[in-house]
Amino acid sequence: MGAITTIEELEAIYGDAVPRSLNKVTTKMTPHYRTWIEAARFVVLSTVGPEGTDGSPRGDDGQVVEIGDDKTLLLPDWFGNNRIDSLRNIVRDARVSLMFMVPSSTNVVRVNGAGVVSADAALLARFEKNGKLPRSVIIVTIGEMYFQCAKALMRSRLWDGAQGDIKLPTAGDFIKESDALFDGQAYDAGYPEHAKARMW
């Protein structure tokens, strides 16, 4: 397959990084990054652990993380499926990356840093919503932060809307694929109502 196996081979293909792509990196919150992150309702959390890597979508109806200070982000962990892959990874390997996206914008903001998982009662109480609390909060210390150039989202036309006549598999379809007796249609029909009480 012609695998590239050394950094030297890789650099020979790509050459030097565009200087601005390196100069734009900041190690703490700035006013513009604060504005962006406060507008973001969606982030992808990436972690690494002994079993491998994990990428997890996180979303909220307001800002998805709270800014603790110029070096700290707070990401509540709301109700999910209890796989806790990301949390398991963070407990064993603190390295985390966050990728924030805001609908209609072709820019992306990336944060690389270190995370810890906390179930401190006072910290959980900061995120109370409709009488519910997250079960833990991921505290992220910012190592570096930068915006990603817009080309990827421009190429994909991510925010352009529907993709025509493509019929995508549903959650019920995915489950039925591994369990032939599962009623995928009933699952899909009932899921929106089921999820309402379990969003937070």
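Spin-label point model (7 Å from Cα, Cβ direction): what's the Trp200 to Ile166 distance in nm?
Roughly 3.3 nm, to one decimal.
May I ask you to order 139-150, 185-196 by the average number of other C-beta atoms within 10 Å around their residues, highest value first?
Working: 139-150: 17.7, 185-196: 11.3.
Descending mean neighbour count gives 139-150, 185-196.
Subtract the Cα-Cα distance of Phe42 and Lys132 from 0.36 nm times their separation in residues, and report this length gain in nm to one decimal. Could the numbers behind the result be given before it?
Details: separation 90, 0.36 × 90 = 32.40 nm, distance 2.00 nm.
Separation in residues times 0.36 nm, less the Cα-Cα distance, equals 30.4 nm.
Can you tell which of Gly143, Ile37, Thr5 lies farthest toward the positive end of the dipole of the chain, using +1 and -1 charges on the Cβ of basic and acidic side chains (Lys, Arg; Asp, Glu)?
Result: Ile37, furthest along the dipole toward the positive end.
Can you work out the accessible area per residue across the chain, with the rest of the protein chains kept in place, probe 1.4 Å, in square angstrom? Each step should come with its number before you reach the end.
Details: 13300 Å² over 200 residues.
Normalised by residue count, the accessible surface of the chain is 66 Å².
Considering only C-alpha atoms, what is the centroid distance from region 105-128 to region 1-54, in Å?
Comparing the Cα centres of region 105-128 and region 1-54, I get a distance of 18 Å.
Of Leu168, Ala195, Pro76, which is farthest along the charge dipole of the chain in the positive direction, counting Lys and Arg as +1 and Asp and Glu as -1 at C-beta?
So the residue furthest toward the plus end is Pro76.
Divide by every residue of the chain the summed helix terms, -39500 (n - 2.57) for each DSSP H run of at least 4, and state the resulting mean residue ellipticity at 222 nm, rounded to the nearest 500 deg cm²/dmol. Before the final figure, lay out the partial values.
Working: 8 runs with 62 residues, N = 200.
Calculated from helices alone, the mean residue ellipticity at 222 nm is -8000 deg cm²/dmol.
What does the C-alpha gyration tensor say about the overall shape of region 1-89? Classify as rounded when a/c is under 1.5, otherwise prolate if a/b is larger than b/c, or oblate.
On the way: a/c = 2.82, a/b = 1.32, b/c = 2.13.
Oblate, because a/c is 1.5 or more while a/b does not exceed b/c.
Say R0 is 45 Å: what FRET efficiency, to the nearest 0.05, do Met1 and Asp69 get from their beta-carbon distance?
Values: r = 46 Å, r/R0 = 1.03.
So the FRET efficiency works out to roughly 0.45.
Which one of Ser86, Ser97, Ser105 has the biggest mean-square fluctuation once the chain is modelled by GNM with Cα springs under 10 Å?
Taking springs between Cα atoms under 10 Å, the residue moving most is Ser105.
Counting only protein heavy atoms and using a 1.4 Å probe, what share of the accessible area of the chain belongs to carbon plus sulfur, as a whole percent?
On the way: 7510 of 13300 Å².
Answer for the chain is 56 percent, counting heavy atoms of protein chains only.
Which number gives the lysine pairs in region 49-200 that have C-alpha atoms under 23 Å apart and are eight or more places apart or on different chains? Provide the component values of the computation, followed by the final result.
Details: Lys129/Lys196; Lys132/Lys196; Lys167/Lys176; Lys176/Lys196.
Taking region 49-200 as the scope, the lysine pair count is 4.
With a ≥ b ≥ c taken as the square roots of the eigenvalues of the C-alpha gyration tensor of the chain, please select rounded if a/c is under 1.5 and otherwise prolate if a/b is larger than b/c or oblate if it is not? Present the calculation step by step, with values, prior to reporting the outcome.
Values: a/c = 1.59, a/b = 1.19, b/c = 1.34.
In terms of gyration-tensor shape, oblate.
I want the local charge near Tyr191. Using Cβ-Cβ distances under 13 Å, sum +1 for each Lys or Arg and -1 for each Asp or Glu among the other residues.
Once all neighbours under 13 Å are counted, the net charge is -2.
The values are calculated or read from the model by the stated rules, or taken from the named source; none is laboratory data. None of the values given here were measured: they were computed from a predicted structure. Quick reminder, even Gly has a Cβ in these numbers, built from the backbone with ideal geometry, and neighbours come from all protein chains shown. Please note that ligands, DNA and RNA were not included when accessible areas were found on the heavy atoms of the full protein model with its side chains. Shrake-Rupley method; radii C 1.70, N 1.55, O 1.52, S 1.80 Å.
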